[in-house]
Amino acid sequence: MSVSTSGEAWVEVDVEALVDNARTIAKIAGTRLLPVVKANAYGVGAALVCKALEQLDPWGYGVATIEEGAALRAAGIGRPVLVFMPARTQRFDAYDRHQLTPALDDAGSILDWTRRGERPFHVEIDTGMGRTGVRWDEVDGLGAALDTPSFEGCYTHFHSAERRDGTAERQLERFLGAVGRLPRRPTLLHVANSAAALRGKQFAFDMVRPGIFLYGGAPADDLAQPSPVVSVRARVVSIRRIRRGESVSYNESWTSPRDTTIATVRCGYADGLRRRLGTVDGASVLLRGERRPIVGFVQMDMMLVDTGTLEVQVGDIATIVGEDAKQRITLKEFSEWSGELLHEFLTGLGPRLPRLVS
């Protein structure tokens, strides 16, 4: 393990692997990057990620909220920051104050924005996601409001780009048809999330918006695979002998089939683990390079591991996700045990876990 810490639970971030993943997706797409760093860069650490990716000269960064954009500015990030959440006129002062780029989707808000001066904005076109943006078949309603040099970018979001079922191509056709009806083409068109960007230049346009791939998550098995970025580790804080037939954790949720040793690990559902992990076949951690099963309900601050005959001591490090002694528990494995998407597991890693650069 490459990080030395006296803490009891933490997340390690392999910055070199993060940058390597960004290079991979930029090379496949053949265009510039707009890395998505919303939700604190999927739980990895937004300021850390942005500073690491500066060497690749991205166009800027994508966030979900004004507050996330303001945090990047406070961290010294100077590139454009696009806020994906639909902008409300009442909050335009905050966009100006932090020099953030809004996403707009109606003529009224566009006119309100452009009356404030020549500052860039992007327009989202809803091509089938059905959540935000102007519908692809209603863009004519934006009219002359878009006939301004402040109209910098236009984008859409694919709902299933990881599936090769024609839906991404259908959404792309809708998007291009809608763009063709606008009074002017903006400087920047962008449609590709990680999955679409990894499918090549068909979806690349002026920039791509990678998210999960940057952080070590593969959108699909038949696409390029990322280098692992995130490891999650926690220390053993207690060890106790359990006799055959004795139970552990809340609701007596696991009963030992034999005499064994239980290691208590300092990481629980308040840190982002799922309570039912100990009831899922295969769910385990690495202790001294061996897979050992999680047993019983995970508690708020701790979980229990059946160590069997393995000699374990208080202070030993359990690897929840990551590598130990050439054994690895992958992000995908642990997410599946948790019944979560990769995105859910990463963004659910709690703030009690410090992010450490490895």
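The values are calculated or read from the model by the stated rules, or taken from the named source; none is laboratory data. Keep in mind it's a predicted model, so treat the numbers as computed, not measured. Cβ placement follows ideal geometry from the backbone for every residue including glycine, while neighbour counts extend to all protein chains displayed. Surface areas here come from the heavy atoms of the whole protein model, side chains and all, with no ligands, DNA or RNA. Shrake-Rupley method; radii C 1.70, N 1.55, O 1.52, S 1.80 Å.
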*Among the residues of the range 139-159, is any free of Cβ contacts under 8 Å to residues at least 24 places away in the same chain and surrounded by fewer than 18 Cβ atoms within 10 Å (Cβ to Cβ)?*
no
*If a residue has to be part of a loop (DSSP other than H, G, I, E, B), surrounded by fewer than 23 Cβ atoms within 10 Å (Cβ to Cβ) and small (Gly, Ala, Ser) to count, how many in the range 176-202 make the cut?*
1
_Can you list residue pairs whose Cβ atoms sit under 8 Å apart, with the first residue in the range 245-257 being of a type in the set (D, E, K, R) and the second being surrounded by 11 or more Cβ atoms within 10 Å (Cβ to Cβ)? Count only pairs 6 or more apart in sequence or on different chains._
GLU246/THR255; GLU246/SER256
*Report the residue count in the range 280-324 for those that are part of a loop (DSSP other than H, G, I, E, B) and not hydrophobic (A, V, I, L, M, F, W, C).*
14
_Filter result (crowded, with 21+ Cβ neighbours inside 10 Å and of a type outside the set (A, V, I, L, M, F, W, C)) within the range 308-325_ = THR319, GLY322
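When you check ALA75 against the structure, is it closer than 24 Å to LEU356 by Cα and touching a Cys at 6+ places or on another chain (Cβ under 9 Å), yes or no? Explain how you work it out, then say what you get.
Numbers: closer than 24 Å to LEU356 by Cα: yes; touching a Cys at 6+ places or on another chain (Cβ under 9 Å): yes.
Answer is yes for this residue.
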*What is the residue count in the range 95-110 for residues that are of a type in the set (A, V, I, L, M, F, W, C) and either surrounded by fewer than 17 Cβ atoms within 10 Å (Cβ to Cβ) or modelled with pLDDT under 95 (or both)?*
1
*Kindly list the number of the only condition in (1) without any contact (Cβ under 8 Å) to a residue 24 or more places away in the chain; (2) farther than 27 Å from LEU341 by Cβ that fails for THR101.*
(1)
*Mind checking which residues of the range 20-40 are under 18 Å from GLY322 (Cα atoms) and either open to solvent by less than 10 Å² (accessible area, probe 1.4 Å) or part of a strand (DSSP E or B) (or both)?*
ASN21
*Evaluate the following for PRO293: is it free of Cβ contacts under 8 Å to residues at least 60 places away in the same chain, touching a helix residue (DSSP H, G or I) at 6+ places or on another chain (Cβ under 9 Å) and open to solvent by 10 Å² or more (accessible area, probe 1.4 Å)?*
yes
